[in-house]
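The values are calculated or read from the model by the stated rules, or taken from the named source; none is laboratory data. Here the structure is a predicted model, which means the values were calculated and not measured. Here Cβ is always computed from backbone atoms with ideal geometry, including for glycine, and neighbour counts include all displayed protein chains. Remember, those area values only see protein heavy atoms, side chains included, never the ligands or the DNA or RNA. Shrake-Rupley method; radii C 1.70, N 1.55, O 1.52, S 1.80 Å.
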Amino acid sequence: MKVPFVDLVSQYKGIRNQILPVMENIMGKAQFIMGEDVTLFEQEFAQFCTSKYAIGVDSGTSALELALLAFEIGAGDEVITVANTFIATTLAISATGATPVLVDINHDTYNIDVEKIENAISERTRAIMPVHLYGQPADMDAILNIAKKHELLVIEDACQAHGAKYKGALAGSMGNAAAFSFYPGKNLGAFGDGGMVVTNDAEIADKIKLLRDYGQKEKYHHLIKGYNRRLDTLQAGVLRTKLSYLNEWNESRRRHASRYNELLQNSHATLPVNADFAESVYHLYVIRVPNRNDMLSYLQQNGISVGIHYPIPIHLQPAYADLGYQKGDFPVTERYADEILSLPMFPELNDDQITYTTNVLKEFR
Ligand SMILES: *Cc1c(COP(=O)(O)O)cnc(C)c1O
């Protein structure tokens, strides 16, 4: 049997009849840039996140960067984030001229260890950027309390957490602003790149609208030095259609996760911990296993596609040698990087594929 890691082809086949007329309509009107689907998708996504404003941009990385820029974070400032994340989190911070300051992860949730945040605060700290990794929200109450005490901003990296909840509140609705990615493999994915900033702050929303569109509100009247970071109309059309399936797809992911949990109960694997404050959307289903690299090869030899998210922590990446961190600085992140393994996870995954995957995993010696 072959088990893919994600299966975007079968997702497409399921919605093809709805997507094609949407794209045909946009192409027929040739409204490729800032067409009405962009505005409509922004309204619908803001509503989905229970946020006041949503601003479509060209990627999740841009969403993070423009949110920071809108709050005038840049050179000389520090932004606290986590060592176990996709590098886009820190690249967005670096792109503004600010410096990422890293914190280790919690043993159970693999998200930022809130006990270690205050140690990382300096006079230059302006913001905390928690990452809701693998679809599970970080401990937001603790983070918001620290931010309040030290007068810091909170900008959520919700790029893996569309629809996830923290004590009932939607990911992206709790900080000063939040960023989402619509990279094709995310829980809500475009047919290319795309992203969104959500916020309840009207001034910040207006600033991001300027930043994404050459600093203009009116054509050829440039109020600030902006960028070209707009969300394509075609992508907005695709995303509007897919948004109506998101809750259902997330529910399927949760069902697959419980099935994995059930079947792997008496295995060597350490299973993901769903914190009692969190409702995860399982962007990824990540276990820890001894002899991870051998296990990975064994699964692949048996037709099962798996991943590692992420094999090299940010502070050990050559790109971030300039931060001056050493091996050993973030021991939990480093240890887990050698043990984590992401199993196939996508809404269309079926029970035979899950059973086969867990059987192969359990027979590995
Ligand atoms: C995907 C992702 C991003 C970046 O999103 P892009 O749309 O690929 O630019 C940022 N942070 C995290 C945690 C992500 O998973």
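Could we say that residue 242 is under 19 Å from the mean Cα position of the chain (by Cα), among the charged types (D, E, K, R) and either assigned to a helix (DSSP H, G or I) or within 30 Å of residue 5 (Cβ to Cβ) (or both) here? When the stated conditions are applied, residue 242 passes them.
Residues that are open to solvent by less than 10 Å² (accessible area, probe 1.4 Å) and in a helix (DSSP H, G or I) within segment 88-135 comprise 89, 90, 92, 93, 133, 135, listed in sequence order. The residue pairs whose first member lies in segment 53-65 and is in contact (Cβ under 8 Å) with a residue 12 or more places away in the chain and among the β-branched types (Val, Ile, Thr), whose second member is crowded, with 24+ Cβ neighbours inside 10 Å and part of a helix (DSSP H, G or I), and whose beta carbons are closer than 7 Å, counting only pairs six or more residues apart or on different chains, are 55/208; 55/212; 57/63; 57/66; 57/212; 61/92. Out of everything in segment 181-202 that is in contact with a helix residue (DSSP H, G or I) (Cβ under 7 Å, 6 or more places away or on another chain) and not in a loop (DSSP other than H, G, I, E, B), what residue ends up being surrounded by the fewest Cβ atoms within 10 Å (Cβ to Cβ)? The extreme case among them is 199. Residues in segment 81-101 that are among the hydrophobic types (A, V, I, L, M, F, W, C) and touching a Pro at 6+ places or on another chain (Cβ under 8 Å) were compared, and the one that is farthest from residue 203 (Cα to Cα) is 83. Residues in segment 181-216 that are under 30 Å from residue 8 (Cα atoms) and more than 16 Å from the ligand (Cβ to nearest atom): 1 in all. Among residues of segment 277-296 that are under 20 Å from residue 354 (Cβ atoms), those with a beta-carbon under 8 Å from a residue that is at pLDDT below 95 at least six positions away or on a different chain give the pairs 280/274; 289/268; 295/364.
Within segment 85-101, residues that are on the phi > 0 side of the Ramachandran plot sit with their Cβ atoms under 8 Å from residues that are more than 9 Å from the ligand (Cβ to nearest atom) and open to solvent by 20 Å² or more (accessible area, probe 1.4 Å), at 6+ positions apart or across chains, in these pairs: 97/75; 97/76; 97/77.
Residues that are within 16 Å of the ligand (Cβ to nearest atom), surrounded by fewer than 21 Cβ atoms within 10 Å (Cβ to Cβ) and not in a helix (DSSP H, G or I): does segment 163-180 have at least one? The answer is no, given that none of the residues of segment 163-180 is within 16 Å of the ligand (Cβ to nearest atom), surrounded by fewer than 21 Cβ atoms within 10 Å (Cβ to Cβ) and not in a helix (DSSP H, G or I).
Residues being surrounded by fewer than 24 Cβ atoms within 10 Å (Cβ to Cβ) and near the ligand (Cβ under 10 Å from one of its atoms): count how many of those fall in segment 62-87. Count: 2.
If you go through segment 309-329 and pick out every residue that is over 19 Å from residue 111 (Cα atoms) and either touching a helix residue (DSSP H, G or I) at 6+ places or on another chain (Cβ under 7 Å) or not in a loop (DSSP other than H, G, I, E, B) (or both), you end up with 8.
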